[in-house]
Every structure is written in C-alpha cells, then in structure tokens.
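Encoded as structure tokens, the structure appears first; notes follow it.
The values are calculated or read from the model by the stated rules, or taken from the named source; none is laboratory data. For clarity, every value in this text was computed on a predicted model and none was experimentally measured. FYI the Cβ positions are ideal-geometry reconstructions off the backbone, even for glycines, and counts take in every protein chain you see. The accessibility values were calculated without ligands, DNA or RNA, using every heavy atom of the protein model including side chains. Shrake-Rupley method; radii C 1.70, N 1.55, O 1.52, S 1.80 Å.
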Amino acid sequence: MTTVKEIQIPKHRQIVEVAVALPVHDTFSYSIPSHFSHQSCPGKRVLVPFGRRTVTGYLIGPARETDLRKIKHILDVLDDKPLFPATMIPFFKWIAAYYIHPLGQVINTALPAGLNLYDIAILTISDAGMQAMQSSPLSPLEGIILSALAKQPAGIKQLQKAIGQPVSWALIHQMRQRGWIYVDRQIKARQIRPKTVRWVTVSGTAPVSGRLSPQRQAIRKILGTEGDLSISALKTRIPTTPTLVRAMEKAGQVCIYEKTVYRDPFGDPIEPDTPPPLTDEQTEAVNAMEPLLGQGFKTVLLAGVTGSGKTEVYLRLTQAALNKGLRVLVLVPEIALISQTERRFRARFGETVAVLHSGLSRGERYDQWIRIANGEAAIAIGARSCIFAPFGDPGLVIVDEEHDASYKQEGGLAYNARDLAVVRARHHNALAILGSATPSIQSWYNVTVGKYETAGLTRRVNRQPLPAIQTVDLSQSRDDRGIRRYITPQLQQEIQRTLDDGNQAIVFLNRRGFSAFPICAHCGQAIRCKNCDISLTLHKRSNAFRCHYCGFSKAAASTCPSCGSDKIRLLGVGTEKIQEAMGQLFPGARVARMDRDTMTRRGSIVSLLKDLKHRRIDILVGTQMVAKGHDFPGITLVGVICADLTLNFPDFRAGERTFQLLAQVAGRAGRGDQPGKVILQTFNPEHFSILSAKDQDFKVFFNREIGFRKALGYPPFTRMIVLRISGKDSQHTAGHARTLGENCREMLAADGPFHGQVQVMGPIEAPLPRIANRYRWQILVKSPDTTMLHRFVHELIFGQRAMPTGRNIKVTVDVDPFFLM
C-alpha cells in the first residue's frame, strides 16, 4: 500500500511557505534552521513565531522570493511523518480560494481536532501590584482582578471564571502599563497524542530459571512461547503481572517497552459476507462504470429508486478499484448511516476499512487518520469531513444520498462535501459517483447539460413495487382536539393493521421535542428564548423549555415572563409528543424514538438500529434521521405526521427539500417480502412537491421546479454568496449592514466589469433576526458567472471598500448557501 511520501525541501532553498492556523488569508515565509532541514517537508506541522504569539503552522512547500531580512525562523517541526500528502495541498488551496477562507484554517478543519499547539497569555501580579492593593486608589474591578491574581497566576478565561465577570484586554493592557501585572505567554500542549501500551519481552541477560519464583518462571515461559505481550494481556493470566514485571526488569529478566497502538472505533467483530448475485440493472450499472476507473476524471450520477441496491453497486466498484491498486473514499450524510455502511464494507473488505466522523473520540479519529496516512487502510468511510481523508491519490470517490443537505457544513469553513468530492476527483483524475433516489436539482441539471454521465436503477432488488402512497388532508381534522389533530383515523387504522400483521411502522415528523409553540393562556405571549427571536420548545423528558439554536433552557414550571401567569398552553407537536401518543393509542406496542435528543449517547444509534433489525421495536418515531438509507425488511408502513413543515420555509429550495424528504422516508417501507404503504398527512395535498412525492416521480418534479429556478434566476442558473452580518448591538449591526449594502451598490453603479453581471439583494434582517444575542442581517449576491461573483465579493471584503470588523461586528461569507434563515 502507498503511504504519505516525504518530499524534502531543497537544501539550497531554506525559505518555506507556511499557512498558520489563524483567521489570516495570507501564507507566510519562514527560514528553516539547518538542524531541521532534513525533517522539513510539506504536510508537517511546524511551530512558528507570529507577531507576539507562538502558533502552529502547516508547511506548504518552498516559498516565493521574499525579503530575507524580515524572515523569522521556524521554532520546531512537530511531526515525524507528514499528516497529509503533498498532493492534497492544491486541493486545500482551491478550497481556500473558492470558499474565501484562510488556508491555515482550511487545513485545520481537515485535520483531526486537538493536534495544534498554541500559546496563551498568563497574567501574574507584580510587586507593584501587591503594593497598589494596599495604597493606590483602585476601581472595584481592578481590585477584584489583583486580589484574584494574588492567589495564583491565571489565563484570561480562567480569571473571568474566577471573578464571575468579563475582563477587557484594554483594562489588562492599562494595568500592565502601570506595572501592576506581568503578561507572559506559555505554550499549551496538544490534547491528542498517539496511544501507547507497555509491552514485555524476555531479556537475554536473565538468570537461569531455577533461580526464579514460580510466577516469574510462568511469565518467562509465556513470553518465550507466545512472543512479546502487553502487560494488560499478561495480567489476565497472572493478576500480579504489573508488580512482577517491574521487579523482573530491575533484575534484568525482562525488558519493558512502549508500543504505539490504535484505538478501536468499530466494536463488534463482523462476519465476512458473500457477494449476492446482481440484478440485470445492477450488472449494467457496474459494467458501465467499472471501465472508467483509472481512466481520468469523470462524474457519474447513479439514480436508483429506494431499495434498488445502490450499496451493492458501490461495493462491486470498490472491489474493482482495489484490484487496480486505487484508494476509495465513501461519503454518507449521517452518522446514523455510517454504522450500516461501515458494516457492509467491513464484511466485504475487512481491516482495510477506516472510518472518519465526529462520532469518534478525538483519539480514535486521530488513529484512523494515521492509519490512512500510513497506507494501512485503502478505504475511508465517513460523513462530510471524510472528504479530507489523507489518501495521496484516491481513484474512486463515492457520495451516497448526494442530495442530502447534511453535506453542507454550517459555520466555520462552510463547505459542501458533495461538491468537494467532485473537485477532489478532478484534482486526482479519479472517478466520482454521486448516488441518490432523489437527485439534487443541481446534479440532475448537470446531467441534462452533459457535465455528468448517468446510470439508472429503476426497480427494487426484491422485485417488490414501490410503496403505495395515500395522502390525507389535515385541514379536514383542523377542528379536532388534542393529538387527533395530527394522528388521523386513517393513520391510526393502518398502524393497527400493521401491528396485527406482525410488522413494523415508522412515524415521521421533522420536529423534535414535545411542544414546539408554548404560549401563555392568560396574555397570549409565546414563551420565547431570552437570547434568540424564536419560541422555546418543551422537552417533557428533561422537564425543560429549550432553545434549539443557542441551547438556552429554563424549567418547565416557569411562569410567563410577560404577565407572570403559570397557565402555559402547550401548542404544536414534536416527536416526543408523538411517541407518547403512540404509547397511549397502542399500549401493547414497543415504541422507540430516533432524534437528536435520544441519540446523544455513544453507541445509542447502533443499539437502536439493532433493536429495529431484530424486531424489538414495533413503532419507530423519528425526525429526518429515520428517512436516510436505512434498510429494514420488517417495516411495511410509514406515517408522515405533517408533510408541510419544510414546505413553508422562506427558502427557494423548500419545495426540493420537501420532495426529497418525503420520497426518502416513503422508501423505508416495503423493502422486504411484503408490500409497503405510506400515509402522507398534509395541509397542501395539491402542491406539486407533494403530488410528485406521492407519485414518486423525480423527473416530473424536476421539470416543474427547474422552470421556477430559471425564471427567478436561482441556482443552477446562477451562483450565490450570502454575506451574514452579526453583532451584539442592533443599531451598529444594522448600520454596518446598510453601509456594506451601499458599497455593493456603488460597485455595481460604476463603469466596471460588475455592472449588469452581478445582482445584489439586501441588506435585510435575517428571517431569524437574533440568535445567541447577536443581531443578524444578510446580503445575497448572485451572478451567472462564478469568476465574476468571486471577484465582486473579494473586492468588497478585501479591496479599498473593505470595512473593519472585530468582536462586535462579524461578517461571514457563505458560498453556495443551503440555509437562508
């Protein structure tokens, strides 16, 4: 297997380019001291001085010509081997340019968390400060700070926690200038290291066995027969091993050494599987795509109905790629799907599979990353961050459920892993396969214009028809009281029939919690979050109202903040209320819930899916987590509580998301020997997204939706960038947004390249105008020309019209936004 190659920096060029893990868009030149020259190669971390700080940087390669008089030295090289191959550096640079994000932070996002070293400011009281506490007039806050530092030195965050109030750097600098405190910088160690285990080996200097105790003889015999063993393995046989081997090492009878081991993220072992025979359509798809492996860049959209066997196609193509010595990246949208996909791949390919996702501990993720970088794994499976797996030259990149919005990262580096999969395949001349039963409008449009090729799977593997879908008009039950407004007689009857037949049902509602809209029965005011302009949601199990945006919570027994009344009406519905209703309506049924609230514990997803597979669950209530890719033959009914939740969002993709979600959740039914059925409850039974989902006809939906997109100038006919302006002061934030908007209009009005090529909408308040005590505004920039769009935003953010930002005002850039809330 290939490993990450070390490309030495030429000795005659001792100046190197470094990207620092800070929010700065430039890279910087540093000199390499002679004693580090043999260790310096692209892909390694280095410790560098940066202003007054010491920070982690990433060695990119030889630097361009620069002024040698201003060059600083690298302080240390932190890695024995590169963390990522040099072939990934152009990929990282492309991401930084396209998403208008600092290169160092792009690389930092890609790498496992907890690796970087950085320095922190440590505040220490001086002798003058001690005297000032006794004799100088101090402000109350200055006195509190000096008193706290007199007890022990502290970092700024530690100090703020100790005194219970914020401390500004302006005050710290003022106190430092008066000589009351010192400010020193200390390196904070990385949080993640390789895991080592102590092993024991027989020493050649040991005395003859006749002079050893029986237990020591037993240890020597085990080691002589079985070879080196870990102390923990020996302890299972001889409980006093740790004490014995320490004494034996001092006597020269054994040697103890440390060995690096990998933390195991997998858990249960998996039996190897036997590949099933392919259907005619699967064979045709594999035969069409297999010859493309190793033949240069190509993107193929695999459009297959739910249950058509797309995963088996992925497995066959992966085997073909491995046979040609190629490496394989497999992306799935949710951690809930990773365990299912990972088990299928491990059953087929064994130990050559690695996993990368946020559900792993930091140590496990680091170990899996190193396995890939060292060439010990040929297949990497994971959620969106897996696109950064450190393969030198992947030959096959697979994106399952390519339409899924989970591939879009929100916050920080706002990348789309589906799009990056295609970009990475292009950089490495690889084959990219995008699979979905409900392709995104963007991907299918790329098929229609010849940018992507396509392969199709139109029938289910088991020859069963797609489930029959029956719509139920919720407006007919609008006057019903209680839960019967949401669980109609038609749905209740079908669930009872399913249970009587010994089958399982999924009940889907894309809203968690118990009550999504609590209001005061006395004054009518909604119970709102104190930090956000949004109502709180009651979570009955935790007995608290919670905000799903900032995390604020308050006790369920709270009174109305407006009038003080304790009479709170719990309007709206969530998965928790539906789960409770299922238990009441079907008292003999085993009801479980799958949403973000119940799946927080490690292993909880795998445990629930096992219970579902072994029919220990009769009714599964869940959010969109239940809609994605799960394959359980016992599920014959899917009930959709309200199909309209995503339809009413102020977002041009609302219809697309609704169609995809409904078609996907419907596809969970009837995947076994018995036909499936779907009860789809909606207030809009005649909406074309609902009708297309009912008929499970993607092309009809596409042909209708693409006309709206073209008429309104939305993607895929244009590209978009959203500028999000946020701040703690509503007036300052609004003023900054309006000034930024004026700058946009001035750039468009001038006689230049942007006139008539770029359209600016806004600034306007965001649909959610305040989140986490930050007021939010948006400016939407559109253009059919991607290059022109990026030039416009670059000039706006970095050019002569660039406006200063800081802690009080932030401007973030979201390229190809998915969420406009």
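Taking only protein heavy atoms and a 1.4 Å probe, what accessible area per residue, in Å², does region 357-487 have with all protein chains in place?
35
Please list 746, 290 from largest to smallest accessible area, probe radius 1.4 Å, with all protein chains kept in place.
Largest accessible area first, the residues go 746, 290.
With a 1.4 Å probe and all protein chains left in place, how much accessible area per residue does region 682-816 have, in Å²? Walk me through the intermediate numbers first.
Values: 6860 Å² over 135 residues.
About 51 Å² of surface per residue is accessible.
Given a Förster distance of 25 angstrom, what is the FRET efficiency for residue 152 paired with residue 173, based on the Cβ-Cβ distance and rounded to 0.05?
Numbers: r = 21 Å, r/R0 = 0.85.
So the FRET efficiency works out to roughly 0.75.
For region 662-821, compute Rg over Rh where Rg is the Cα radius of gyration and Rh is the Kirkwood radius from the inverse mean 1/r over Cα pairs. Working shown, then result.
Working: Rg = 20.9 Å, Rh = 18.6 Å.
So for region 662-821, dividing Rg by the Kirkwood Rh gives 1.12.
Using only DSSP helix segments of four residues or longer, with each worth -39500 (n - 2.57), what per-residue ellipticity at 222 nm results for the chain after dividing by its residue count and rounding to 500?
Helices in the chain give a 222 nm mean residue ellipticity of -9500 deg cm²/dmol.
Restricting things to alpha carbons, tell me how big the chain is in terms of Rg and Dmax, in Å.
30.4, 98
Ordering 182, 486 by how much accessible area each has at a 1.4 Å probe, largest first, what is the list?
The ordering from most to least exposed comes out as 182, 486.
Leaving ligands, DNA and RNA out of it, work out the accessible area of residue 591 with a 1.4 Å probe and give it in Å² to the nearest 10.
The accessible area of residue 591 comes to roughly 40 Å².
Pull out a ≥ b ≥ c, the square roots of the eigenvalues of the alpha-carbon gyration tensor of region 75-125, then state rounded if a/c is under 1.5, prolate if not and a/b is larger than b/c, and oblate in the remaining case.
Oblate, because a/c is 1.5 or more while a/b does not exceed b/c.
Return a whole-number percent for the relative contact order of the chain, with Cα pairs under 8 Å and 6 or more residues apart as the contact set.
10
Which are the unpartnered cysteines of the chain, meaning those with no other cysteine Cβ under 4.7 Å from their Cβ?
41, 255, 386, 550, 642, 744
Please report the relative contact order for region 322-480, taking Cα pairs under 8 Å with a sequence separation of at least 6, and give it as a percent rounded to a whole number. All intermediate terms of the calculation are to be shown ahead of the outcome.
Working: 223 pairs, mean separation 35.1, N = 159.
Rounded, it is 22 percent for region 322-480.
For the chain, what is the percent of antiparallel DSSP beta bridges, rounded to the nearest 5? The partial results should precede the final answer.
Values: 75 of 129 bridges.
Antiparallel bridges make up about 60 percent of those DSSP assigns within the chain.
Any idea of residue 361's accessible area? Nearest 10 Å², probe 1.4 Å.
Rounded to the nearest 10, the figure is 50 Å².
How large is the charge dipole for the chain, taken about the Cα centre, if only the Cβ atoms of Lys, Arg (+1) and Asp, Glu (-1) carry charge, to the nearest 20 debye?
Details: 104 positive and 71 negative charges, 459 e Å.
Dipole about the Cα centre, nearest 20: 2200 debye.
Among 467, 756, 544, whose Cα projects farthest towards the positive end of the dipole of the chain, with charges put on the beta-carbon of Lys, Arg (+1) and Asp, Glu (-1)?
Final value for the positive-end residue is 544.
Under a plain spin-label model, where a point goes 7 Å from the Cα along Cα-to-Cβ, how far apart in nm are residue 230 and residue 686?
6.7
From largest accessible area down, sort 248, 130; use a 1.4 Å probe on the protein chains.
On the way: 248 0, 130 90 Å².
From most exposed to least exposed: 130, 248.
Per 10 Å bin, what percent of the C-alpha pairs of region 506-564 does each bin hold, from zero upward?
The distribution over region 506-564 is 24, 54, 19, 3, 0, given as percents.
Using mean Cβ contacts within 10 Å as the protection proxy, how do 491-497, 812-818, 638-644 order, highest first?
638-644, 812-818, 491-497
Per residue and in Å³, how big is the convex hull formed by the alpha-carbon atoms of region 27-167?
Each residue corresponds to 190 Å³ of Cα convex hull volume.
Would you please state the base-10 log of I(q)/I(0) at q = 0.18, 0.22, 0.26 1/Å for region 470-531, with intensities from the Debye formula using one equal scatterer on every alpha carbon?
Results for region 470-531 at q = 0.18, 0.22, 0.26 Å⁻¹ read -0.87, -1.07, -1.22.
Could you tell me what fraction of 2.2 N^0.38 Å the Cα radius of gyration of region 88-197 comes to, as a two-decimal ratio?
Values: Rg = 19.9 Å, N = 110, 2.2 N^0.38 = 13.1 Å.
Scaled against compact globular proteins, the figure is 1.52.
Please find the FRET efficiency linking residue 604 to residue 453, where r is the Cβ-Cβ separation and R0 is fixed at 56 Å, and quote it to the nearest 0.05.
For R0 = 56 Å, the calculated efficiency reads 0.90.
What per residue convex hull volume, in Å³, do the alpha-carbon atoms of region 392-550 yield?
251
Could you work out the percent of alpha carbon pairs in region 618-672 separated by over 19 Å, rounded to a whole number?
On the way: 429 of 1485 pairs.
I get 29 percent for the Cα pairs in region 618-672 exceeding 19 Å.
Heavy-atom accessible area of residue 400 with all protein chains present, probe 1.4 Å, nearest 10 Å²?
Ignoring ligands and nucleic acids, residue 400 comes out at about 20 Å².
For region 730-821, what does the equivalent ellipsoid look like in terms of its semi-axes, each the square root of 5 times an eigenvalue of the Cα gyration tensor, given largest first in whole Å?
23, 15, 11
Compute from the Cα atoms of region 699-783 the Rg and the Dmax, the latter being the longest Cα-Cα distance, and quote both in angstrom.
Rg and Dmax of region 699-783, Cα atoms, are 15.8, 47 Å.
Which one, 436, 421, 457, projects farthest toward the positive side of the charge dipole computed for region 399-492 from Cβ point charges (K/R +1, D/E -1)?
Going by the charge dipole, the pick is 457.
What spacing in nm lies between the two simple spin-label points modelled at residue 563 and residue 728, each 7 Å away from Cα in the Cβ direction?
Going from the residue 563 label point to the residue 728 one covers 3.5 nm.
Past the 20 angstrom mark, what percentage of all C-alpha to C-alpha distances in region 635-698 do you count?
So the portion of pairs separated by more than 20 Å is 23 percent.
Could you check how much of the accessible area of region 307-444 is carbon and sulfur, as a whole percent, using a 1.4 Å probe? Spell out each step's value before the answer.
On the way: 1350 of 3140 Å².
Answer for region 307-444: carbon and sulfur cover 43 percent of the accessible area.
So, with +1 on the Cβ of K and R and -1 on the Cβ of D and E, and no other charges, what is the size of the charge dipole of region 371-518 about its Cα centre, to the nearest 20 debye? Kindly include the intermediate steps, with their values, before the conclusion.
Values: 17 positive and 15 negative charges, 35 e Å.
Using Cβ point charges on Lys, Arg, Asp and Glu, region 371-518 gives about 160 debye.
Compare the Cα positions of 562, 160, 674 along the charge dipole of the chain (+1 at Cβ of Lys, Arg; -1 at Cβ of Asp, Glu; about the Cα centre) and return the one farthest towards the positive end.
So the residue we want is 160.
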